1. Restrict the check to region 132-144 and report whether at least one residue is over 13 Å from the mean Cα position of the chain (by Cα) and of a type in the set (Ser, Thr, Tyr).
2. Of the residues that make up region 55-77, is at least one modelled with pLDDT of 90 or more and under 26 Å from Asp153 (Cα atoms)?
3. Checking Trp120 against (1) more than 26 Å from Leu24 (Cα to Cα); (2) in contact with a strand residue (DSSP E or B) (Cβ under 8 Å, 6 or more places away or on another chain), which test does it fail?
4. Looking at region 186-196, which of the residues that are touching a strand residue (DSSP E or B) at 6+ places or on another chain (Cβ under 6 Å) and surrounded by fewer than 21 Cβ atoms within 10 Å (Cβ to Cβ) is farthest from His132 (Cα to Cα)?
5. If you take the residues of region 87-98 that are surrounded by fewer than 21 Cβ atoms within 10 Å (Cβ to Cβ) and at pLDDT 85 or above, which of them is farthest from Glu21 (Cα to Cα)?
6. Residues that are touching a strand residue (DSSP E or B) at 6+ places or on another chain (Cβ under 6 Å), acidic (Asp, Glu) and touching a residue at least 40 places away in the same chain (Cβ under 8 Å), at least 1 per element: which strands (runs of 3 or more DSSP E) completely within region 1-58 meet that?
7. What residue, among those in region 1-41 that are of a type in the set (Phe, Trp, Tyr) and buried (at least 17 other Cβ atoms within 10 Å of the Cβ), is modelled with the lowest pLDDT?
Amino acid sequence: MKKCVVVGAGDFFGLLIRPEEGDLIIAADGGYDHLKREKITPDIVVGDFDSRDGNIPDHPNVIMLEVQKDDTDIAHAVGIGFEHGYRDFRIFGGTGGRESHTIANIQMLTGLAEKGARAWLYGRDSEMTVIHNDTLVLPETAEGMVSVFSLSDRSEGVDILGMKYSMQDGVMTNNTALGVSNMLVGKEAHISVKNGTLLIIHESHEREWSRDSRKE
């Protein structure tokens, strides 16, 4: 599946997913400078450029946004990718800095999941995704810890299998941390929810599993 790679102005730790032919690369505001250091030219640059002190990049395809708007620069970039038909999003530079923007980006992952898309939000040694009435499969090569949180008031039919602590047909709520800090144990792991929305956070120095972990 072709990807939409979005790079924002937040904390940036390198581009884990290298763009391939057919991928759409969008720089959101100061993410343009991150990509420039990676020697990657984006297809589109979008933003109000407040993180660049109003300096507009010298690029042939710049979409200017108003400073006063209802959404973030990254959310606008993701919306452009969605309009172009992309359903696999990889978001860098979307964590750290202002906590409010990190939370806004997690909410954006939720909206994408509810529309049948999948998005990954990358931090220093972590990556996050959201599933809605769906399944995530982690290969046996995955290492580290995985935390699962309910974003719904109530998530039903939750399975967490192939990890140190298992759950079958369970219930999770958004006012408890029942799924925090589970361990991968060298087996293929499955996380699924029949009715609800789950935030999944993988913390590890080895993050390759996110490349191909959509439900078949």
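1. yes
2. yes
3. Trp120 satisfies every listed condition except (1).
4. Filtering first and then ranking leaves His190.
5. It comes out as Arg87.
6. Qualifying strands (runs of 3 or more DSSP E): none found.
7. The residue in question is Phe12.
The values are calculated or read from the model by the stated rules, or taken from the named source; none is laboratory data. Computed from a predicted structure; not experimentally measured. Reconstructed Cβ throughout: ideal geometry from the backbone, glycine too, with neighbour counts over all protein chains shown.
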